[in-house]
1. Regarding ASP90, is this residue within 26 Å of PRO54 (Cβ to Cβ) and in contact with an Asp or Glu (Cβ under 7 Å, 6 or more places away or on another chain)?
2. Looking only at residues in region 138-168 that are farther than 17 Å from ALA94 by Cα and of a type in the set (S, T, N, Q), which one is surrounded by the most Cβ atoms within 10 Å (Cβ to Cβ)?
3. Please tell me if ARG122 is surrounded by fewer than 17 Cβ atoms within 10 Å (Cβ to Cβ) and not in a helix (DSSP H, G or I).
4. Within region 106-118, does at least one residue satisfy the condition of being part of a helix (DSSP H, G or I) and surrounded by 23 or more Cβ atoms within 10 Å (Cβ to Cβ)?
5. Among the residues of region 78-93, is any in the same structural domain as GLN62 (by TED's automatic domain parsing), touching a Phe, Trp or Tyr at 6+ places or on another chain (Cβ under 9 Å) and more than 22 Å from ALA187 (Cα to Cα)?
6. Being within 17 Å of the chain's Cα centre (by Cα) and on the phi > 0 side of the Ramachandran plot narrows it down to one residue among GLY134, GLY37; which is it?
7. Just checking, how many residues over region 1-42 are small (Gly, Ala, Ser), modelled with pLDDT under 60 and surrounded by 13 or more Cβ atoms within 10 Å (Cβ to Cβ)?
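The values are calculated or read from the model by the stated rules, or taken from the named source; none is laboratory data. Just so it is clear, the structure is predicted and the values come from calculations on it, not from any experiment. Cβ sites come from the backbone with ideal geometry, for glycine too, and all protein chains shown count toward neighbours.
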Amino acid sequence: MTAPYLLCFFAFAAFGQSPNEQPREIMDRAVADFQQGRIAQAAEGFDRVAKLVPSYAPQLWQRGIALYYAGRYKDCREQFESHRIVNPDDVENAAWHFLCVARGESAEQAKRALLPVGPDSRVPMREIYEMFRGKYTPEQVMRAAGDGIDAQFHAYLYTGLYYEAMGDSERALRQITEAAGDRFSAAGYMHRVARVHRELLNRQKPRVP
């Protein structure tokens, strides 16, 4: 996602809170909970931040991702719709909105509700957006990524998420596993998202008797 996570620390400094309700500390804990796979606790923490600093709530794309994994798809959808107000060009925001609607309703409804985006210049974001529109294939996205490490990471992550939304769990696991690999660790928070997703998919794999 293009809205930096650390910006919230500066925003929170402007709000006076009681010693027991410091948004920065709650945010730190929610991030740590998510990265350790404690999804329900993470979602609860992000909810608290949004409640304590409502003017900053649209910035909390991390909350939207946590809500997706918590299965709160309506809340997830609303978070990414509000994030578009402050970050209208971001293809990743539209992609996560699609995923929330696909899981909460259907992939066809998600295509109809796909959020518009602006000029996200990152490679291969335009192709990723067209994939969620149903105009490009995952294979075209992978080719568009080329050799760039950041581009490859986003291609693997979002083709994996797209496959999952389309019900292809085998290909989803393959792509997400690639995105979660150590070579993409520089992708930061989104790399942790890929790792959390990989663990969840692995738990869902059927056990061989």
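1. Numbers: within 26 Å of PRO54 (Cβ to Cβ): yes; in contact with an Asp or Glu (Cβ under 7 Å, 6 or more places away or on another chain): yes.
Spelling it out, ASP90 is indeed within 26 Å of PRO54 (Cβ to Cβ) and in contact with an Asp or Glu (Cβ under 7 Å, 6 or more places away or on another chain).
2. Result: GLN152.
3. Yes: the conditions hold for ARG122.
4. No, region 106-118 contains no residue that is part of a helix (DSSP H, G or I) and surrounded by 23 or more Cβ atoms within 10 Å (Cβ to Cβ).
5. yes
6. Within the list GLY134, GLY37, the selection yields GLY37.
7. Residues in region 1-42 being small (Gly, Ala, Ser), modelled with pLDDT under 60 and surrounded by 13 or more Cβ atoms within 10 Å (Cβ to Cβ): 2 in total.
One line per residue, one yes/no per condition, for (1) at pLDDT 95 or above; (2) over 13 Å from the mean Cα position of the chain (by Cα); (3) under 14 Å from ARG103 (Cβ atoms):
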residue	(1), (2), (3)
VAL49	yes, yes, no
PRO54	yes, yes, no
PRO58	yes, yes, no
LEU67	yes, no, yes
TYR73	yes, no, yes
ARG84	yes, yes, no
ASN87	yes, yes, no
GLU92	yes, no, no
